[in-house]
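Okay, here's the structure, questions in a sec.
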Amino acid sequence: MQVVTTQAALREQVRAWHREGLTVGLVPTMGYLHEGHASLIDRARASCDRVVASVFVNPTQFGPGEDLEAYPRDFERDCQLLESHGCDLVFHPEVDEMYPVGGTATYVELLNDMPKQLCGVTRPIHFRGVCTVVSKLFNLVNPDKAFFGQKDAQQLSIIRRMVRDMSYGVEIVGCPIVRDADGLAKSSRNTYLSAEEREAALVLSRAVRLGEKLIAEGERDATKVLDAMKTEIQTTPLARIDYVSAVNLDTLEALDRLEGTVLVAMAVYIGRTRLIDNFIVEC
């Protein structure tokens, strides 16, 4: 497995692969990888000739007071996981390689309401930073396919819209949420949790299962489903709800009645750690 730290080295290698007629899959990450990321690498490995992973904690998607400095990092461990799952190349740039000294004057941002919903209410610049760094990676790698996890479902919908609007020639592949045996969705931020908080965090997956059950039984009133999920979350003293919402997966517009492809998503603080979870259902 090759590790490169500059845009020039990354371009040189992927251009060589393209000249050979090889397909390239891209898995963008912020590092501190877990089984969820491994599943993305596995999916890319199964469908592309070469796999590129980026490991870059992107500062432009963090707002003031968020956990940019505290975000966990362990690049040596990341490389071990990536190599064991068949990654061919890791792009691990410094911040000034991606954003030259003096800052960037150009951002990529959706101007509709998609970035303003769900996580965007309390993280107003987050998706501008996501779209900007993902656009840069698409320009550098020119991948045939790019792989993203469903746990970040709002991000996935926004990137799909960006790709459509900007005519990127890349197929966006969404991959299922990977969970621990007890149901907690895999997340790099789970490392922030104490043992007590880790137990309390299971309320998110319990709320997911409750919502899925109600919809499977025929409930289509969004308020009734969401209220039941909120009540379940509120049984846990350490939990504080940021949002629990039901939206159309493609547009992220809030739904009163559950119809079409529905994303039911939540963000919940467990102590000081903000966790997200969701499920997608056809109604």
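Coordinate-derived values only; no laboratory data. Just so it is clear, the model here is predicted, and its values are computed rather than measured. FYI the Cβ positions are ideal-geometry reconstructions off the backbone, even for glycines, and counts take in every protein chain you see.
Mind checking the dipole of the range 188-278: about its Cα centre, +1 per Lys or Arg Cβ, -1 per Asp or Glu Cβ, Debye to the nearest 20?
320
Tell me, what HN-Hα J-couplings in whole Hz come from the Karplus equation 6.51 cos²θ - 1.76 cosθ + 1.60 at θ = phi - 60° for each residue of the range 58-72, using x for Gly and Pro?
Listing the rounded values in order: 7, x, 6, 9, 9, x, x, x, 7, 9, 4, 6, 7, 4, x Hz.
Turning to a different aspect of this structure: As a check on your grasp of the helix formula, calculate [θ] at 222 nm for the chain: sum -39500 (n - 2.57) over DSSP H runs of n ≥ 4, divide by the residue count, round to the nearest 500.
Computed ellipticity for the chain at 222 nm equals -11000 deg cm²/dmol.
Helix 35-47 sits at what angle to the longest principal axis of the chain, using alpha carbons and giving 0 to 90 degrees rounded to 10?
50
Just want to confirm a number: the relative contact order over the range 2-175, from Cα pairs under 8 angstrom separated by 6+ residues, in percent.
Relative contact order here is 29 percent.
A follow-up question, please. Among 7, 108, 265, whose Cα lies farthest out toward the positive end of the dipole of the chain, if unit charges sit on the beta carbon of Lys, Arg (+1) and Asp, Glu (-1)?
108
Would the range 82-166 count as rounded, prolate or oblate if I go by the C-alpha gyration tensor, calling it rounded below 1.5 in a/c and otherwise prolate when a/b exceeds b/c, oblate otherwise?
oblate
Just want to confirm a number: the relative contact order over the range 188-278, from Cα pairs under 8 angstrom separated by 6+ residues, in percent.
Taking the mean separation of contacting Cα pairs over the length of the range 188-278, I get 29 percent.
I'd like the antiparallel share, as a percent to the nearest 5, of DSSP beta bridges with both residues in the chain.
If I count the DSSP bridges inside the chain, around 55 percent turn out antiparallel.
Sticking with this one: Please label the shape of the range 2-175 as rounded, prolate or oblate, based on the square roots a ≥ b ≥ c of the eigenvalues of the alpha-carbon gyration tensor (a/c under 1.5 means rounded; beyond that, a/b larger than b/c means prolate, else oblate).
Here the range 2-175 falls in the rounded category.
What's the ranking of 2-12, 247-257 by average number of surrounding C-beta atoms within 10 Å, highest first?
247-257, 2-12
Under 10 Å, Cα contacts only: if you run a Gaussian network model on the chain, which one of 106, 191, 132 comes out with the highest mean-square fluctuation?
106
In whole Å, how far is the Cα centre of the range 23-49 from that of the range 173-232?
The range 23-49 and the range 173-232 have Cα centres spaced 24 Å from each other.
Ranked highest first by average number of other Cβ atoms within 10 Å, how do 152-161, 114-123 line up?
Values: 152-161: 21.7, 114-123: 18.9.
The densest-packed peptide leads the list: 152-161, 114-123.
Give the dimensionless ratio obtained when the Cα radius of gyration of the range 1-78 is divided by 2.2 N^0.38 Å.
Relative to the rule-of-thumb radius for its length, the range 1-78 sits at 1.25.
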